[in-house]
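I have placed the structure first, in the form of structure tokens, so that the comments after it can refer back to it.
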Ligand SMILES: Nc1ncnc2c1ncn2[C@@H]1O[C@H](COP(=O)(O)OP(=O)(O)OP(=O)(O)O)[C@@H](O)[C@H]1O
Ligand SMILES: [Mg+2]
């Protein structure tokens, strides 16, 4: 962990962060961790009634490559806002974000879009499916954008089957239930095997069994493809499945502690992943 070396100390979070850094160091004493996501002094103000509404206040956060981190916090605490900034979907009022070592807000918008297409998957709280495309076509979009014409269709079909939508390939979003739309959105986000996957309440509309299946898919992606996974959720039992649980409080990181999952890097990959 480089937290202690690079992060400005935050009195409230210091002891938790220090404890976390210690346990992470024990788990990987031989290797220096690479931070896949670094946010420095991140600020976001919205304008509300003509006045600035501060949502994120000089937030610092580092997320280790290949780790699975949950972000929790009350409604309105800025979780969706934070995820949008970390993914480069929205611009901050101040501060920087480095993804895989690259300063994404130093890029042009086109460069950032290209970077996202190559490395980032995002599951939105509100799905964001394209209404004029079928389920299958929605999943095909990111694959075709990458130019993978031959492999695109079988992969899109495989992903939709994995989220239990074998019989819904030709349905349009308006013909799908909320949970089914969410599953299409997940299949689409997984399509390019992104290096980083951001998921905003991906199980919020699902029954427990389907939700658990979705989380298992995300865990597989994290474990087998080494995807860095950042999950926003109100479901605390789900949040606990991560390596690390970060809470937002007053626009900053509040608590930052290990989750219930074993530390990253323990079990080795056995055989190829279906994802
Ligand atoms: N475009 C916007 N314009 C003005 N205010 C906004 C905008 N987007 C979000 N906000 C405000 O910023 C705050 C944080 O919103 P955000 O969506 O990040 O919260 P959240 O933690 O994801 O909440 P939830 O758990 O309900 O999804 C909220 O108070 C919201 O009203
Ligand atoms: Mg939200």
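The values are calculated or read from the model by the stated rules, or taken from the named source; none is laboratory data. Here the structure is a predicted model, which is why all the values come from computation and not from measurement. No Cβ is skipped: glycine too gets one built from the backbone with ideal geometry, and neighbour counts run over all protein chains shown.
When the test is whether a residue is within 16 Å of ligand 2 (Cβ to nearest atom), surrounded by 14 or more Cβ atoms within 10 Å (Cβ to Cβ), within 23 Å of residue 256 (Cβ to Cβ) and at pLDDT 95 or above, residue 86 passes it.
Within region 226-248, being more than 14 Å from the chain's Cα centre (by Cα) and away from ligand 1 (no atom under 16 Å from the Cβ) holds for 237, 240, 241.
Exactly one residue out of 212, 185, 174, 152 is buried (at least 16 other Cβ atoms within 10 Å of the Cβ) and within 18 Å of residue 125 (Cα to Cα), and it is 185. Looking only at region 89-111, which residues are farther than 22 Å from residue 222 by Cβ and within 16 Å of ligand 2 (Cβ to nearest atom)? Residue satisfying the conditions is 90 alone. The conditions of being more than 27 Å from residue 241 (Cα to Cα), in contact with a helix residue (DSSP H, G or I) (Cβ under 8 Å, 6 or more places away or on another chain), surrounded by fewer than 19 Cβ atoms within 10 Å (Cβ to Cβ) and at pLDDT 95 or above are not met by residue 43. For region 125-140, the criterion of a residue being crowded, with 17+ Cβ neighbours inside 10 Å, part of a helix (DSSP H, G or I) and touching a strand residue (DSSP E or B) at 6+ places or on another chain (Cβ under 9 Å) is satisfied by no position. Of the helices (runs of 4 or more DSSP H) lying entirely inside region 143-249, those carrying at least 2 residues that are modelled with pLDDT of 90 or more and in contact with a strand residue (DSSP E or B) (Cβ under 6 Å, 6 or more places away or on another chain) are 178-190. Candidates are the residues of region 61-99 that are touching a helix residue (DSSP H, G or I) at 6+ places or on another chain (Cβ under 6 Å) and not in a strand (DSSP E or B); the one that is farthest from ligand 1 (Cβ to nearest atom) is 88.
The condition of being modelled with pLDDT of 95 or more, more than 16 Å from ligand 2 (Cβ to nearest atom) and within 15 Å of residue 248 (Cα to Cα) holds for residue 57.
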